[in-house]
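To start, the structure itself, in structure tokens.
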Amino acid sequence: MTATLLPIPDDPRFPALIAAWTSSPLSPLYANAQFPRSIWLRSFELLLREFYPSANSDSLTLTARHAAPFPLCARP
């Protein structure tokens, strides 16, 4: 199964989650840390799951990584 980039639903929780990362005074400190970013990505995926209950995990991950307000490692 291939991943598909899902449209971000029109829900205020998505921009709030992005703003929470970018406005946090701690975000520069965690720029290279895996743990806080993984929590953010998982939270974004859980929100997406509410709107796309039948979406596969790869699509949720791809969409969350695409929307992430922080740099991610390049993957093939």
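The values are calculated or read from the model by the stated rules, or taken from the named source; none is laboratory data. Just so you know, these numbers come straight off a predicted model, no measurement behind them. Don't worry about glycine lacking a Cβ; one is built from the backbone with ideal geometry, like all the others, and counts go over all protein chains shown.
Quick look at the numbers
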read-out	value
Where a residue in the range 42-67 is assigned to a loop (DSSP other than H, G, I, E, B) and hydroxyl-bearing (Ser, Thr, Tyr) and its partner, wherever it lies, is modelled with pLDDT of 95 or more and surrounded by 12 or more Cβ atoms within 10 Å (Cβ to Cβ), with Cβ under 6 Å and at least six apart	TYR52/LEU6
Residues being under 16 Å from ARG13 (Cβ atoms) and surrounded by 14 or more Cβ atoms within 10 Å (Cβ to Cβ) - total across the range 43-68	12
Residues (hydroxyl-bearing (Ser, Thr, Tyr), more than 12 Å from LEU17 (Cα to Cα) and at pLDDT below 95) located in the range 30-53	TYR30, SER38
Candidates ALA20, ALA16 - the one that is modelled with pLDDT under 95, in a helix (DSSP H, G or I), of a type outside the set (D, E, K, R) and in contact with a helix residue (DSSP H, G or I) (Cβ under 9 Å, 6 or more places away or on another chain)	ALA20
All positions within the range 1-18 that are surrounded by 11 or more Cβ atoms within 10 Å (Cβ to Cβ) and closer than 16 Å to TYR52 by Cα	ALA3, THR4, LEU5, LEU6, ILE8, PRO9, ASP11, ARG13, PHE14
